[in-house]
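Comments concern the structure below.
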Amino acid sequence: MAYRKMYAYSFIALLLAYPIFWTMLMPFFPLAPLFSFVSVLGGFPFIVHILLGLFGNALYYRVVKKRITQGYH
């Protein structure tokens, strides 16, 4: 997603899939340790990767279609 300039989506995917990135947010978000604990135990990395595999092309299609209608070259 970062390669296709979908930076916000790639950042959200990193935060959901890899709990190590929550440590960067600890000073700004007090519940970061809780989400990190839940993502390790709940299998979030596996679920996030499956969902990105299933719906990644549709998400990219929607972003490209929006960019074309806005006149992005």
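The values are calculated or read from the model by the stated rules, or taken from the named source; none is laboratory data. Treat the numbers as computed from the prediction; the structure is a model and nothing was measured. Don't worry about glycine lacking a Cβ; one is built from the backbone with ideal geometry, like all the others, and counts go over all protein chains shown.
Taking each residue of region 49-73 that is assigned to a helix (DSSP H, G or I) and looking for partners that are at pLDDT 95 or above and surrounded by 10 or more Cβ atoms within 10 Å (Cβ to Cβ) with beta-carbon atoms closer than 7 Å, six or more apart or interchain, yields nothing. Of the residues in region 52-62, not one is modelled with pLDDT under 75 and either surrounded by 15 or more Cβ atoms within 10 Å (Cβ to Cβ) or among the small types (G, A, S) (or both).
Scanning region 1-23 for residues that are modelled with pLDDT under 75 and crowded, with 17+ Cβ neighbours inside 10 Å returns P19, W22.
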